[in-house]
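**Student:** Have a look at this one before I ask anything.
The values are calculated or read from the model by the stated rules, or taken from the named source; none is laboratory data. The model shown is predicted, which means the values in this text are computed figures rather than measured ones. Cβ coordinates were reconstructed from backbone atoms using ideal geometry, including for glycine residues, and neighbour counts include every protein chain displayed. What goes into the accessible areas is simple: the full protein's heavy atoms, side chains included, and nothing from ligands, DNA or RNA. Shrake-Rupley method; radii C 1.70, N 1.55, O 1.52, S 1.80 Å.
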Amino acid sequence: MSAAVARFTCADRRLSRQRAFTLLEVLVALVIVGVALAASMRGMLSLIGAAEDTRYTMLATMLAENRLLELRLARESLEIGQTTTPCAQAGIDFECEQTVKSTPNPYFRRVEMQVFRTTDNGRRRHAEMMAVLPAS
């Protein structure tokens with residue numbers, strides 16, 4: 001019986017070597033999965049950054065439109081020059097830069113509105129609009 005048991009265990013070892021993965025194969029598979037996950041995470045972070053930037057641009061555009069409409073409805077005299085004021089939209093702080101320029105027609109002024117957001121990376125313009133409004 002001992003010879004039969006020895007043959008069985010020897011045959012069992014050969015089968016287990018043929019069916020199982022080696023440690024090297026498992027490590028290579030883990031490296032491939034890790035690289036794929038890292039690449040997908042980088043792609044997801046890029047998408048999240050783009051969505052956040054789109055949100056800031058949309059809010060800045062709404063803010064510039066609102067500021068130009070306020071000037072149009074106020075019907076105050078527009079003095080030529082540039083002013084920068086802090087402004088906020090949806091709880092996010094921006095800077096609104098309003099530039100009033102003359103036009104060939106003295107009864108109208110060109111108003112340019114730029115909306116910036118300041119972060120650790122610097123000051124970035126998210127929106128720019130222009131309107132021609134009555135001078136007084």
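**Student:** I'd like to know which of PHE108, THR119, THR84 lies farthest towards the positive end of the charge dipole of segment 14-136, counting +1 on Cβ of Lys and Arg and -1 on Cβ of Asp and Glu.
**Tutor:** THR119
**Student:** Taking 8 Å as the Cα distance limit and 6 or more residues as the minimum spacing, I'd like the relative contact order of the chain as a percentage. Walk me through the numbers on the way to the answer.
**Tutor:** Values: 157 pairs, mean separation 25.6, N = 136.
Value for the chain: 19 percent.
**Student:** Within 10 Å, at most 11 other Cβ atoms, and a DSSP state outside H, G, I, E, B define an exposed site. Report the longest part of the chain free of exposed chymotrypsin sites (Phe, Trp or Tyr not before Pro). Let's see the in-between values first.
**Tutor:** Working: sites that count: PHE21, TYR107.
Between exposed loop sites, the widest span is 22-106.
**Student:** Where does the chain land at 222 nm, in deg cm²/dmol rounded to the nearest 500, when only DSSP H runs of n ≥ 4 count, each adding -39500 (n - 2.57), divided by all residues?
**Tutor:** Numbers: 2 runs with 70 residues, N = 136.
Taking each H run of at least 4 residues, the total per residue is -19000 deg cm²/dmol.
**Student:** Can I get the semi-axes of the chain's equivalent ellipsoid? Compute them from the C-alpha gyration tensor as square roots of 5 times the eigenvalues, in angstrom, largest first.
**Tutor:** Working through the eigenvalues yields semi-axes of 73, 11, 11 Å.
**Student:** Right, next: What residues qualify as long-range amide H neighbours of CYS87, i.e. H under 5 Å apart, gap of 5 or more or another chain, H built at 1.01 Å from N?
**Tutor:** PHE94, GLU95, CYS96
**Student:** Still on this structure, I have one more. Given LEU23, ALA74, THR54, which one lies farthest toward the positive end of the charge dipole of the chain, if we put +1 on the Cβ of every Lys and Arg and -1 on the Cβ of every Asp and Glu?
**Tutor:** LEU23
**Student:** Taking K and R as +1 and D and E as -1, what net charge do the other residues with C-beta under 9 Å from the C-beta of ILE92 add up to?
**Tutor:** Working: positive: ARG55, ARG117; negative: ASP93.
Once positives and negatives cancel, what remains is +1.
**Student:** Need the full-extension length gain, GLU79 to LYS101, defined as separation in residues times 0.36 nm minus the C-alpha distance. One decimal, nm. The partial results should precede the final answer.
**Tutor:** Working: separation 22, 0.36 × 22 = 7.92 nm, distance 0.84 nm.
So the chain would gain 7.1 nm between GLU79 and LYS101.
**Student:** Using a 1.4 Å probe on the protein chains only, how many percent of the accessible area of segment 39-98 belongs to carbon and sulfur? If you can, show how the numbers build up before the last one.
**Tutor:** Working: 2390 of 4200 Å².
Summing carbon and sulfur atoms, their accessible area is 57 percent of the total for segment 39-98.
**Student:** Please state the charge dipole magnitude for the chain, taken about the Cα centre, from unit charges on C-beta atoms (+1 on K and R, -1 on D and E), reported in debye and rounded to the nearest 20. Write down the numbers at each step before the final one.
**Tutor:** On the way: 17 positive and 14 negative charges, 187 e Å.
Using only the charged Cβ atoms, the result is roughly 900 debye.
**Student:** Along the Cα-to-Cβ line of ARG123, 7 Å from the Cα, sits a label point; which residues in segment 76-98 have backbone N less than 14 Å from it?
**Tutor:** 82-87, 94-98
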